[in-house]
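A short worksheet on the structure shown next.
The values are calculated or read from the model by the stated rules, or taken from the named source; none is laboratory data. It should be emphasised that the depicted structure is a prediction, and the values quoted were computed from it without experimental measurement. Neighbour counts are summed over all protein chains in view; Cβ atoms, including those assigned to glycine, are modelled from backbone coordinates with ideal geometry. Note: areas computed on protein heavy atoms with side chains; ligands, DNA, RNA excluded. Shrake-Rupley method; radii C 1.70, N 1.55, O 1.52, S 1.80 Å.
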Amino acid sequence: MPLSIEEVRHIALLARLELDEEALERYSRQLSSILDHMARLREVDTSGVLPALGPLTAAPLRPDEARPGLSSEALLKNAPEVEAGQFRIPPVFEGE
Amino acid sequence: MQSSARFCVMGEKMSYEAVIGLEIHAELATRSKMFCACPVVDPQEAAPNTAVCPVCAGMPGTLPVVNAAAVEYGVRVALALGCEVNPRSLFARKNYFYPDLPKGYQISQYEQPLARNGRLVIHTAAGEKTIRIRRVHLEEDTGKLTHLGPDRSLVDLNRAGVPLLEIVTEPDFRAAEEVRLYAQALRAILRYLGVNSGDLQKGALRIEPNISLRPMGSQTFGTKVEIKNLNSFRALERAVAYEIERQAQRLEAGEAVQQVTMGWDEDRQVTVLQRVKEGEDDYRYFPEPDLPPLVLEAAWIEGLRASLPELPEGRARRFVEQYGLTAYTAGVLVEEKAVADYFEEAACHLSASVAPRALANWISVDLFGLMNQAGVSAEQIPVPAAELAELVSLVEAGRINPGSGREVLAEMFRNGRGAAEIVRQRGLEQVSDADFIARLVSETLAEHPAEAASFRAGKVTVLNWLFGQVMRKSQGRANPQIVRQELEKQLGNQ
């Protein structure tokens, strides 16, 4: 199941990755071969079988009790830039 | 089909029908976040980034654990809306990159939501209308971005991971008014259930309509536009009306409507382009591998159903039956639970001879007026319910007249004193003594012969002016009905 260069370009945009032509080519080949493998798995008849999403059958629930998390100093310690107790990031414009 | 469903562009032959659906996001009023134990804090009071842990900061190696109270609140809302609650629902990842989303995905529910197929009845000017609810699902909120001009933005993660309930309707609305009525009714239900503050300003309740137009009679859907950033019911109704008009004009001009997200500009009262929407496929939803299915026992769901409180709709119906209120007044009183409670408490203290309908009118007209003026919420009404009942009883028994009653209420509202006490101190007790009133009327007519003559010459509106003069002479204490009768009598006799 070949994945076109255009599709790879779109996926890269969604992942906010900048890929050059060579990388687009390479990822197109690699992703296509992964999809080929998935296509083989899809040949197995699984009608009537519930998807096994994990080893647990039901999510454990947590009582609604609040506990303090990290101090804001600890949280921001690895941030590249900090301003007024917040993560400072390059400008984000609506409509981007 | 209702007339409100029609939308016509003036002077054009083509008419369009607006098709509107609604997504509402309600922050659930839990103590801790959806998937971690961080406290849920007031965004205006807490310092930024002080309610964040490795889970909601999206640090590698952490795992989400579902908040039991958020599930319970969500199921209560679903039941109140008549939904089928899924005994087994799934969490899913909605993937997109944005700086307010630390993990790069939002944990939401997609293919198997918490609940489906509910309904909510609204009361429009044209009658009752049922709005179908497509789905109700649990998810987590994002962080908050502050844009500081062209060179930087700031990220606060206090809100990241706060439990959200998303309630999605079918595209059943045809007019802006219907959208507002539904949003108000839903807010009332959330507040009755105690699961959401109902605060649109602070963003605890976010209403996002999507709007498309199609030629009248068509069964297909046009391209829809979503509106965000609506922080009042007034803004909601105006934005929807504006957007319907904008799209109609585009279609009339032969232009296509683009699938976009618009924001509401409150200052200019217009919708403005926010962003071109990502397609559903672009979110690459898949089942959340970190969370097993959410499994709910039937007995637990039924227990919650049995423990639902009386809801606004049922309470309004009871008010009509039990207290003889009009459907309209009942609807107004039940919208805020605190107001409905206040009315019922006051009704207990009312004299047996007084109709509760009178009390309801004093609350919905005079008391609401004072509350709006002073910016007082339903929870902070400064007049004790029993005292309002006393005041209404005094007016209805004819002990003071309605005008004085309003003055007394204003004073009670200002200083919280009792009705009887104020009436006594200000000497407002109504005078119904016929001789006294007859003397006031004849004095007034003698002082204003020209007006009396013009009334007799056929200018009947002068009567109201003369009536005002008599009332003033009595310092507002004369029984207005007797004054009116006496005036008509003396003007007729002379």
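Contact list please: Cβ distance under 8 Å, first residue in the stretch B:152-179 and touching a residue at least 40 places away in the same chain (Cβ under 8 Å) and assigned by TED's automatic domain parsing to the domain that holds B:Tyr16, second residue in a loop (DSSP other than H, G, I, E, B) and of a type in the set (Ser, Thr, Tyr), pairs at least six apart or on different chains.
Here the result reads B:Asn158/B:Thr50; B:Arg159/B:Thr142; B:Ala160/B:Thr142; B:Pro163/B:Thr30, each pair linking the stretch B:152-179 to a residue that is in a loop (DSSP other than H, G, I, E, B) and of a type in the set (Ser, Thr, Tyr).
Out of B:Tyr73, B:Tyr16, B:Tyr105, which single residue is aromatic (Phe, Trp, Tyr), in contact with a Lys or Arg (Cβ under 8 Å, 6 or more places away or on another chain) and at pLDDT 95 or above?
One residue alone meets the criteria, B:Tyr105.
Is it the case that some residue within the stretch B:26-39 is closer than 23 Å to B:Glu170 by Cα, in contact with a Phe, Trp or Tyr (Cβ under 8 Å, 6 or more places away or on another chain) and modelled with pLDDT of 95 or more?
Looking through the stretch B:26-39, at least one residue is closer than 23 Å to B:Glu170 by Cα, in contact with a Phe, Trp or Tyr (Cβ under 8 Å, 6 or more places away or on another chain) and modelled with pLDDT of 95 or more.
Look through B:Glu451, B:Glu396 and report the one residue that is within 25 Å of B:Cys348 (Cα to Cα) and surrounded by 14 or more Cβ atoms within 10 Å (Cβ to Cβ).
B:Glu396
Pairs only if they're at least six apart or on different chains, beta carbon under 8 angstrom, first in the stretch A:57-82 and facing chain B (nearest Cβ under 7 Å), second open to solvent by 90 Å² or more (accessible area, probe 1.4 Å) and among the basic types (Lys, Arg); list them, first residue then second.
A:Asp64/B:Arg31; A:Glu65/B:Arg31; A:Ala66/B:Arg31
Among the residues of the stretch B:94-110, which ones are in contact (Cβ under 8 Å) with a residue 40 or more places away in the chain, open to solvent by less than 20 Å² (accessible area, probe 1.4 Å) and not in a loop (DSSP other than H, G, I, E, B)?
B:Ile107, B:Ser108
Out of (1) away from every other protein chain (no Cβ under 11 Å); (2) open to solvent by 50 Å² or more (accessible area, probe 1.4 Å); (3) touching a residue at least 60 places away in the same chain (Cβ under 8 Å), the odd one out for B:Gly74 is which?
Condition not satisfied by B:Gly74: (2).
Check whether at least one residue in the stretch B:308-324 is more than 28 Å from B:Ala78 (Cβ to Cβ), away from chain A (no Cβ under 14 Å) and not in a helix (DSSP H, G or I), and report yes or no.
Yes - at least one qualifying residue is present in the stretch B:308-324.
Please work out which residue is farthest from the other protein chains (Cβ to nearest Cβ), limiting yourself to the stretch B:77-93 and to residues that are within 25 Å of B:Leu186 (Cβ to Cβ) and surrounded by fewer than 19 Cβ atoms within 10 Å (Cβ to Cβ).
B:Gly82
Which one of these does B:Thr271 not meet: (1) open to solvent by less than 60 Å² (accessible area, probe 1.4 Å); (2) over 21 Å from B:Glu177 (Cα atoms)?
With (1) open to solvent by less than 60 Å² (accessible area, probe 1.4 Å); (2) over 21 Å from B:Glu177 (Cα atoms) applied to B:Thr271, the lone miss is (2).
Pairs only if they're at least six apart or on different chains, beta carbon under 7 angstrom, first in the stretch B:213-229 and free of Cβ contacts under 8 Å to residues at least 24 places away in the same chain and open to solvent by 30 Å² or more (accessible area, probe 1.4 Å), second in a strand (DSSP E or B) and of a type in the set (D, E, K, R); list them, first residue then second.
Sorted first by the residue in the stretch B:213-229, then by its partner, the pairs are B:Thr220/B:Arg214.
Which condition does B:Thr329 not pass, out of (1) in a helix (DSSP H, G or I); (2) modelled with pLDDT of 95 or more; (3) open to solvent by less than 50 Å² (accessible area, probe 1.4 Å), if it passes all the others?
Answer for B:Thr329: the failing condition is (2).
Going by what's in this entry, would B:Arg414 be described as in a helix (DSSP H, G or I), touching a Pro at 6+ places or on another chain (Cβ under 9 Å) and surrounded by fewer than 16 Cβ atoms within 10 Å (Cβ to Cβ)?
In short, yes.
Can you confirm whether B:Arg439 is open to solvent by 40 Å² or more (accessible area, probe 1.4 Å), of a type outside the set (Ser, Thr, Tyr), closer than 16 Å to B:Ala478 by Cβ and outside the structural domain of B:Pro480 (by TED's automatic domain parsing)?
No, not satisfied.
Within the group B:Leu165, B:Leu154, B:Leu145, which residue is buried (at least 19 other Cβ atoms within 10 Å of the Cβ) and within 21 Å of B:Glu208 (Cβ to Cβ)?
Just a single option satisfies the conditions, and that option is B:Leu165.
What pairs come up if the first residue lies in the stretch B:425-449 and is within 16 Å of B:Gly468 (Cα to Cα), the second is open to solvent by 60 Å² or more (accessible area, probe 1.4 Å), and their beta carbons are under 8 Å apart, counting only those six or more places apart or on different chains?
Matching pairs, first to second residue: B:Gln430/B:Arg399; B:Gln430/B:Arg477; B:Val431/B:Arg477; B:Leu440/B:Lys473; B:Glu443/B:Lys473; B:Thr444/B:Lys473; B:Leu445/B:Gln494.
Are there any helices (runs of 4 or more DSSP H) wholly within chain A with 2 or more residues that are more than 30 Å from B:Cys38 (Cα to Cα), and if so which?
A:5-14, A:21-41
Can you tell me which residue is nearest to B:Ala327 (Cα to Cα) among those in the stretch B:347-393 that are open to solvent by less than 20 Å² (accessible area, probe 1.4 Å) and either touching a residue at least 60 places away in the same chain (Cβ under 8 Å) or β-branched (Val, Ile, Thr) (or both)?
For the stretch B:347-393, the residue satisfying everything is B:Ile363.
Just to be sure I understand the filter: pairs with C-beta atoms under 9 Å, separated by 6 or more residues or on different chains, first member in the stretch A:9-20 and under 18 Å from B:Lys103 (Cα atoms), second member among the aliphatic types (A, V, I, L, M) and assigned to a helix (DSSP H, G or I). Which pairs pass?
A:Ile11/A:Leu31; A:Ala12/A:Ala23; A:Ala12/A:Leu24; A:Leu17/A:Ile11; A:Leu17/A:Ala23
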